[in-house]
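Only one structure is covered here, and it is reproduced in the block below.
The values are calculated or read from the model by the stated rules, or taken from the named source; none is laboratory data. Quantities reported herein were computed from a predicted structural model and do not represent experimental measurements. All Cβ positions, glycine included, derive from the backbone under ideal geometry; neighbour counts span all protein chains shown.
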Amino acid sequence: MYQPGILGRRKCSWKPWMVALTTTAVLLALAVITGLLVYFLVFDQKSHYYQSSFWIPSITYSPDLSIEQSRHRTNLKQKLINEIDVIFQRSSLKYYYVKSHVVNFRPSNDGLKADILLKFQFPHNNVGTLKKQADSILNKKLQSTQSSLKRDISLPYLREINAAQAENILNSDCGLGMEYPPTAR
Amino acid sequence: IADGKPADKASWPWQSSLQVDGIHLCGASLISSQWLLTSAHCFDTYKNPKLWTVSFGTTLSHPLMTRKIASIIIHENYASHKHDDDIAVVKLSSPVLFSENLRRVCLPDATFQVSPKSKVFVTGWGALKANGPFPNSLQEVEIEIISNDICNQVNVYGGAVSSGMICAGFLTGKLDACEGDSGGPLVISHDRNIWYLLGIVSWGIDCGKENKPGIYTRVTHYRNWIKSKTNI
């Protein structure tokens, strides 16, 4: 009686080209997923610009604050920008905060007012939430006794302005050009 | 610009090109969103503002932005082919919006002093040497201020440099402004990287020639005239 030949176990024998193809497809899929994640988490951010106004009770307005390159104006601008930088760089928005700019100073019957422009990079999907956070961070900080800045009640919340107008303001100072002398590398 | 090098993008964001029929004729400097400062002699041939176009950005072939000219105001005492009072202000047909690549240069106070040997930059799309080719990309060169006394020596310009002019370059020649750079800026960096407009490219004998440095209109000398015309 013929012992029926035992069928060799059907070896699952993938041909090399099938293995290569599958591996490539899997790697490709992983790369696309990673890319999309990176894009939406990192690159899908957009610049948002907000106007604000601060009241500085401890400083009296003086005419040289309206002279473009006066030392008083330059120093006070830098001081305000440093203070705002610290507020946001030590906050939950530190990864979204880009910079701030002092647009101008105005006299106020009890001190001085400063118009400020803030630039953030927010992901598309939660601009509103992050803006509310920025407002609450500012309000909390400016209410503390340490801060020389107070919220100007005439502009209690951040007000968004469009990019072209904002960039126009951010770049309206004179004389900003090549870094000189070139910083030693 | 003779013996210079191509400028990086946004290094000199106030530099503008004055053109007729798409041909670059002169440089100019943006001093506000609607005013340029340049040389009066640029308009010796074409006085009609409508003939002119202003372009901004580092390359002539692909400008960042262009504008037409609304008006040209030439210094009252300027006379064609003379060097004195070689200054003019140009009003753009509409204001520009500033950006990282388009900004204005600071104007110094009338009292602003600069000492000889101070390092300054002159920029432009002028010829790369006397009777040489014209570049498409903005060129820059670092030069030095030379005192008017030295520039008025017999073997230099023999008394032709007046108090309304400023002399810059090297007596050894080479690095210099050249034909087509007229009207462009001579700037100095002051106080935390802020650039001030010291001079306007005006005249010189040849380009980069020994004992013949460039002569610029001294902006501080005309600071009140500029204010009277532009209110800047």
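Computed quantities for the displayed model
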{"item": "Candidate set: the range B:145-176, residues that are in a loop (DSSP other than H, G, I, E, B) and within 22 Å of residue B:109 (Cβ to Cβ); chosen: the one nearest to the chain's Cα centre (by Cα)", "result": "B:164"}
{"item": "Single residue of A:180, A:157 found to be of a type in the set (Phe, Trp, Tyr), in a loop (DSSP other than H, G, I, E, B), within 14 Å of chain B (Cβ to nearest Cβ) and over 15 Å from residue A:88 (Cβ atoms)", "result": "A:180"}
{"item": "Hits in the range A:47-105 (condition: part of a loop (DSSP other than H, G, I, E, B) and either touching a residue at least 60 places away in the same chain (Cβ under 8 Å) or hydrophobic (A, V, I, L, M, F, W, C) (or both))", "result": "A:57, A:58, A:59, A:67, A:68, A:69, A:93"}
{"item": "Test: residue B:205 is among the β-branched types (Val, Ile, Thr), more than 13 Å from every other protein chain (Cβ to nearest Cβ) and within 21 Å of residue B:130 (Cβ to Cβ)", "result": "yes"}
{"item": "Exclusive hit being closer than 30 Å to residue A:164 by Cα, under 19 Å from the mean Cα position of the chain (by Cα), crowded, with 23+ Cβ neighbours inside 10 Å and among the small types (Gly, Ala, Ser), set B:33, B:17", "result": "B:17"}
{"item": "Among the residues listed as A:119, A:141, the single one being assigned to a strand (DSSP E or B), closer than 30 Å to residue A:62 by Cβ and charged (D, E, K, R)", "result": "A:119"}
{"item": "Among residues of the range A:133-171, those that are of a type in the set (Val, Ile, Thr) and buried (at least 18 other Cβ atoms within 10 Å of the Cβ), counted", "result": "1"}
{"item": "Of the criteria (1) touching a Phe, Trp or Tyr at 6+ places or on another chain (Cβ under 9 Å); (2) surrounded by fewer than 20 Cβ atoms within 10 Å (Cβ to Cβ), which one residue B:117 fails", "result": "(1)"}
{"item": "The range B:191-202: number of residues that are within 13 Å of another protein chain (Cβ to nearest Cβ) and touching a residue at least 24 places away in the same chain (Cβ under 8 Å)", "result": "5"}
{"item": "Condition check for residue B:123: away from every other protein chain (no Cβ under 14 Å), touching a Gly at 6+ places or on another chain (Cβ under 8 Å) and part of a strand (DSSP E or B)", "result": "no"}
{"item": "Selection count where residues are under 13 Å from residue B:86 (Cα atoms) and within 14 Å of another protein chain (Cβ to nearest Cβ), scope the range B:208-232", "result": "2"}
{"item": "Residue A:78 on the phi < 0 side of the Ramachandran plot, touching a Gly at 6+ places or on another chain (Cβ under 9 Å) and within 14 Å of chain B (Cβ to nearest Cβ)", "result": "no"}
{"item": "Residue, nearest to the other protein chains (Cβ to nearest Cβ), within the range B:1-42, restricted to residues that are assigned to a loop (DSSP other than H, G, I, E, B) and of a type in the set (Phe, Trp, Tyr)", "result": "B:12"}
{"item": "Options A:98, A:103, A:86: the member that is of a type in the set (Val, Ile, Thr) and within 28 Å of residue B:111 (Cβ to Cβ)", "result": "A:103"}
{"item": "The range B:97-114, residues that are at the interface with chain A (Cβ under 8 Å from one of its Cβ atoms) and surrounded by 14 or more Cβ atoms within 10 Å (Cβ to Cβ)", "result": "B:97, B:98, B:99, B:102, B:103, B:104, B:105, B:106, B:107"}
{"item": "Matching entry among A:19, A:42, A:38 (being among the hydrophobic types (A, V, I, L, M, F, W, C), at pLDDT below 90 and either more than 21 Å from the chain's Cα centre (by Cα) or surrounded by 13 or more Cβ atoms within 10 Å (Cβ to Cβ) (or both))", "result": "A:19"}
{"item": "Qualifying position, being touching a Ser or Thr at 6+ places or on another chain (Cβ under 9 Å) and either of a type in the set (Phe, Trp, Tyr) or at pLDDT 95 or above (or both), among B:159, B:173, B:184, B:169", "result": "B:184"}
